[in-house]
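**Q** The following block contains the structure, expressed as structure tokens.
Only the coordinates and a few stated rules stand behind these numbers; no lab work does. Since we're looking at a predicted model, the values are computed, not measured. Glycine gets a Cβ as well: all are built from the backbone with ideal geometry, and neighbour counts include every protein chain shown.
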Amino acid sequence: MAEVSVKCPFVWLLLWLCVRLSETKNTRVSVGDDILQPYAHGHGPSHSHRHVRDCQPVVHGNSTYESQPPSHHSRLPVAESTVFVSDVPGSSRMVYGHITAVQDPLRTVSVLEPGGPGGCGMKQRASVEETAEAAGCLYAQNAGFFNTSTGRCLGNVVSDGRVVQDSGGVQNAQFGIRKDGTLVFGYLSQEDVLDQSNPFVQLVSGVVWLLRKGEVYINQSLKAECDKTQETGKFRTFVDVVSARTAVGHDAEGKLILFHIDGQTGVRGMNLWEVAESLKSYGVINAINLDGGGSSTYVTGGSLASYPSDHCVTDDRWRCARPVSTVLCVHQRRCQPADCNDHGDCVDGRCRCHQGWQGEECDSLVCQAPACGPHGVCTAGGCVCDAGWRGKNCSQACPLGFFGPSCAQECRCDDQCPCDPQTGSCNATLPGETNYTLHRAGHCLAKQMFTSWRRDKEAHREQPHLTERSWLLITSTLASLLSASLLLHFVRACRGAAAAHFPERRDYSYVPLADINGADSRAEARSRKSGFGMDDSDSQDEIWSPSQSGRS
């Protein structure tokens, strides 16, 4: 399909007028006249998933769907949208449409219910503009099929991790995004849809698997999805008729490709064979067809960017967008899940985990078994030990006097006795090792108490009045006095000896012995009785003094 630039001003003017007039408030109600349905009654084939598996080519084995690993283009722009006006090979037709390449589908693409959450349950329909504006979509296009009479959503619907509805195993082509970012295209059993090992966070049903592994897969889809109860030729007509179309696929890099073309059933647009070839030329690997005809709508920045095929209620000269069912929305990057499991903060589409948590969704503890051994469990704060155990890895038994989880509680037993380390019971039978420890501790404590008692007794024993220091001081003083006395006597003795050798130097008075104690009086009295006086005595002593000696 070759692309050409539109140089005719009249064509551009006509298209512009159609868009502007279709946005007028009094002409925005769609008649819903461009109906393109694959089945005459209901939705999807009535046969089982096993029939789908058995009728597919042998080269695909038992796998009825294809998976594309998660994209790793998180640092690139969210999406790039391209407008094209191209001719259709082998015909004189030209088509106008959009191709949008989404870099990080897991965080930037959502399946939305019509009008918002709960829309499918209320059988509500809303235009793509209304749904996209409420959700803040950068780009949006219609997605799944619906019952045009009741408004009921058809097929499987999972929106941002919520299972909105289960088709009950109806076998139509599916597009989904799993929790790990894997893209899935093809036929799913009911078990596949409800599998929780790697659940779908987005899922929507289409009709006809267009491309499988880069090859057109429409003939195989006609066998797998044809409903035996429908009118003959109805499903084949749905495939072959030209109309407005909407599709979704992925390329070799894992980018999600949204495809939309304008048209009108039986007049302009593309049939599904042409859509498949166009997608293949753009490098798409797997793709499925979504709701088309008057439902085909493309919105950019909250504004209608496509040319609807339904006429307006008030004036059939104008075209109005149809209220539809589910919507594929491309938005700014979001975390999956949006709340990071309450264990982190969403920053630019990535979860920044709180302390103790790890993983892209902050759903895994940093502490992992068997880090806490057999006696503890991992938490965000580390190991929480069972009752009776403590330590970084819960490998240490509680010390005596403590019990409970992580040994955080203190025993309350009488006399400070130890308690059961698990229950805190004071009536506890302790294990043999603990009893041995207690015995040794008691022996050590008793010895320490006895030593302390003896020390206290010695300290309080009655002490003498004079201390050893006092006695030493007294003894020293007495010895000094004795030494002084001896020295004095020695000096005197030396002086006496010197006087004996040098009489002329003596300076003393000589008193006769008779004068001592009154001896001279008693002698005088006796002389009086005998008749002798003193002058008659020849024995009268003469008093001598040194002065007299000098005078003689």
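**Q** Pulled fully out, how much extra length does the chain show between residue 368 and residue 219, if you take 0.36 nm times their separation in residues and subtract their Cα-Cα distance?
**A** 48.6 nm
**Q** About the Cα centre of the range 327-397, how large is the charge dipole given +1 on each Lys and Arg Cβ and -1 on each Asp and Glu Cβ? Please answer in debye to the nearest 20.
**A** 200
**Q** Could you work out how far the C-alpha centroid of the range 345-363 sits from that of the range 227-276, in angstrom?
**A** The range 345-363 and the range 227-276 have Cα centres spaced 40 Å from each other.
**Q** Can you tally the net charge around residue 343? Count Lys and Arg as +1, Asp and Glu as -1, for every other residue whose Cβ sits under 14 Å from the Cβ of residue 343.
**A** Residues close to residue 343 contribute a combined charge of -4.
**Q** Let me ask something additional. Please give, to one decimal in nm, the separation of the simple spin-label points placed at residue 427 and residue 237, each 7 Å out from Cα toward the Cβ.
**A** Label-label distance for residue 427 and residue 237, simple model: 8.9 nm.
**Q** With Cβ to Cβ distances under 15 Å as the rule, what net charge do the other residues near residue 375 carry (K, R +1; D, E -1)?
**A** Net local charge, residue 375 excluded: +1.
**Q** Please give the FRET efficiency for residue 54 paired with residue 91, using the beta carbon to beta carbon distance and R0 = 35 Å, rounded to the nearest 0.05.
**A** 0.45
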